[in-house]
Amino acid sequence: MFVVVAKTIIALLCTLVVGGLVWYRTSILPWLQRQNPRLVLLGAWMVARILPFVLIFIVLDFTPFSDLDGFFNQAKEAVQLKTVYRDFYCMYSPFFPYINGLALWFWLDKKAIILLMILIEGLTLWTTNRFYEPVVNAHERLYRSLIYLFLPGALVLCVFGGQEDEWMWLALIATYLLWQRTRQVALVGVGLVIGFLLTKAVFILVGPALLLLIPKPLKWLSAAVIFGLLCLGVLYHYTEWEWLEQPLHEAATLRAPNWLSVLNPLTFDVLGAGAKAWNWIGLLLTTGIGALTAYRLRNLDFRLSFSAAFVMIFGTMMVAQQSAYSNYIFIFLLPLTFIWVDFANRREVVWFLIFNALSIVQPSLWWRLKSPYYRVPSDVWAQPLYLLDYALQIGVVICTFYFLRMVWQKSLRLV
């Protein structure tokens, strides 16, 4: 339980830092206007990412674990140029272990993968600033970047967990920026396929929303189909159907928290947790809400409409899919921070910080309790730590619904 306590302490410290940034907002914003934004952002990134990495993994020689074990083992296979899915198991997209393998060429240690994740997150933050240039002024973007860097969810999931979930956001906004620069909409389709090959299968959940937000859908969709079929043909040649079956196996794994994990014990397992039907219902709900959001906001600037749709899609997925857990906050934390949270509104800030803290403490506790899944009420109060875990699950689900409702309401006011 040392790790749970450590993450709780870090969450509290990060909350204090972000609280200070919010409390002195009116003083910090004018100061930021007088500074070199690149130097401030680089300095904050070094303090919030490189310094913790050095202290935790170099000075204290802490050994990463959890998802990093899987990432490392797959990357070692990739370094040996073995074929993904055929020669080794992988629940992620086909290029993912090979990207991680690049880090192992320089340093054969799990810590190298965390450093790679830190660097890619830094690239994602920089690209996010470029993406929002037309809709958020420079000092406000810099201020929100500082808040993001010290958020408990961002710092812990990146530096401790080495999570890759933000890669999906990076792939999508980088594709958009490339399209805007070249004016070749077909690149959107190619970029989507590349994003799918780099990240996770859930990347495709944004597809229906993009059909409503990006013009000339037939042109870029046809490019995606042609390039996608070519890539799938190569995958099938080398792995047959393993490229599909192994990632889909991940969707069958029961995790928490989500609406089913919270309600299941209250209904004495009548809901039938684990049934494939819930996967399909969650999938339809997630894509449906994303498409509805995109349709309602289709006349807004793409950066705003897409930011809303992206948060609605993956926020819904976080509570609708029975294989979802609270690490998924990392998928949509950047657009939520940059656009939708009003840091002059103390109520929203409090909710936001609670959401972040719960989302890093709950999964750590849940894993150390051997991933319990509660079937009946007596399972919950079987021991005090189960009761604590269940309370944290409820908190995460409530916070997720709060921000889904907030983004929906705020986005509709912009129409």
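The figures follow:
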| item | result |
| --- | --- |
| Sequence-separation-based contact order of the range 164-287, relative, with Cα cut under 8 Å and 6+ spacing, percent | 23 |
| Backbone N under 20 Å from the Ile204 label point (7 Å along Cα→Cβ), restricted to the range 287-305 | 287-292 |
| Kyte-Doolittle mean at least -0.5, axial Cα span of 15 Å or more - DSSP H helices of the chain | 2-23, 67-79, 96-106, 110-131, 138-150, 167-182, 186-198, 217-239, 276-296, 302-320, 346-368, 384-413 |
| DSSP-loop trypsin sites (Lys or Arg not before Pro) across the range 22-74, with at most 10 other Cβ within 10 angstrom | Arg34 |
| Cα-based reach from Lys370 at 19 Å (exclusive), listing lysines while leaving out same-chain residues under 8 positions away | Lys7 |
| Size of electric dipole in the range 1-142: Cβ of Lys, Arg +1 and of Asp, Glu -1, about Cα centre, debye, nearest 20 | 320 |
| FRET efficiency for Ile9 and Phe106, using Cβ-Cβ distance with R0 set to 45 Å, rounded to 0.05 | 0.90 |
| Length-normalised contact order for the chain - Cα pairs under 8 Å, 6+ apart - percent | 19 |
| Difference of contour (0.36 nm per residue) and Cα-Cα distance, Ala252 to Ile281 | 9.1 nm |
| Cβ-placed point charges (K, R +1; D, E -1), dipole of the chain about Cα centre in debye, nearest 20 | 1200 |
| Nitroxide proxy distance, nm - points 7 Å out along Cα→Cβ at Tyr236 and Leu123 | 3.1 |
| Hits among aspartates and glutamates - C-alpha to C-alpha of Lys216 under 17 Å, sequence gap 8 or more where chains match | Asp301 |
| Gain on full stretching of the segment that runs from Arg347 to Leu177 - 0.36 nm per residue minus C-alpha separation | 57.8 nm |
| Cα shape, the range 278-404, gyration tensor, a/c 1.5 rule | oblate |
| Straight-distance crosslink candidates among lysines, where the alpha carbon sits under 24 Å from Lys200 and sequence neighbours closer than 8 are dropped | Lys76, Lys82, Lys110, Lys111, Lys276 |
| Cα-based Rg of the range 2-413 normalised by 2.2 N^0.38 Å, two decimals | 0.96 |
| Net charge, Leu142 excluded, C-beta distance under 15 Å - Lys, Arg +1, Asp, Glu -1 | +4 |
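Laboratory data are not the source of any read-out in this text; all were calculated from the coordinates shown. All of these numbers come straight from a predicted model, not from anything done at the bench. Don't worry about glycine lacking a Cβ; one is built from the backbone with ideal geometry, like all the others, and counts go over all protein chains shown.
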